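Novice: First the structure, which I've put down as structure tokens, then a few questions once you've had a look.
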Amino acid sequence: MSKSIVQAPKSRFIHVMCKKCKNEQVIYNKAATVIVCTGCGMEMAKPTGGEIIVNAKVLEILG
Ligand SMILES: [Zn+2]
């Protein structure tokens, strides 16, 4: 019996800080839409279909 293991990126949340206004927020690493800073509206992460590309300072990886 063969097992097929899909190498999908792990779902997790990332605690980030905006490079521009220092606002901190928690974002989902597999978000399907662009994530903008709730403080200044700057783009903090963009979707790739898999794991997002973070354009903010990563403070902590959660779970
Ligand atoms: Zn900001």
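The values are calculated or read from the model by the stated rules, or taken from the named source; none is laboratory data. From a predicted model like this one, the values you see are computed outputs, not experimental measurements. Because the Cβ atoms are built from the backbone with ideal geometry, glycine has one as well, and the counts that use them run over all protein chains shown. The protein model used for the area step is the full one, side chains on, heavy atoms only, and it has no ligands, DNA or RNA in it. Shrake-Rupley method; radii C 1.70, N 1.55, O 1.52, S 1.80 Å.
Novice: May I have the count of lysine pairs in the chain with C-alpha atoms under 12 Å apart, counting pairs 8 or more residues apart or located on different chains? Spell out each step's value before the answer.
Specialist: Values: Lys10/Lys30; Lys19/Lys57; Lys20/Lys57; Lys22/Lys57; Lys30/Lys46.
Lysine pair count for the chain: 5.
Novice: Among residues other than Met17 whose Cβ falls under 9 Å from its Cβ, what is the net charge (Lys/Arg +1, Asp/Glu -1)? Before the final figure, lay out the partial values.
Specialist: Working: positive: Lys19, Lys22, Lys57; negative: Glu24.
With Lys, Arg at +1 and Asp, Glu at -1, the neighbours total +2.
Novice: Follow-up. Over the chain, what percent of the accessible surface lies on carbon and sulfur atoms, probe 1.4 Å?
Specialist: 55
Novice: May I pose another question? How would you classify segment 13-62 from its alpha-carbon gyration tensor, with a ≥ b ≥ c the square roots of the eigenvalues: rounded for a/c under 1.5, else prolate if a/b is greater than b/c, otherwise oblate? Display every interim value, and only then the final one.
Specialist: On the way: a/c = 2.14, a/b = 1.34, b/c = 1.60.
It is oblate, given that a/c is not under 1.5 and a/b is not larger than b/c.
Novice: Per residue, what accessible area does the chain have, given a 1.4 Å probe and all protein chains present, in Å²? Don't skip to the end; give the middle numbers.
Specialist: Values: 4410 Å² over 63 residues.
Accessible surface, normalised per residue, equals 70 Å².
Novice: Which residues in segment 34-63 place their backbone N less than 13 Å from a point set 7 Å from the Cα of Asn23 along the Cα-to-Cβ direction?
Specialist: 35-45
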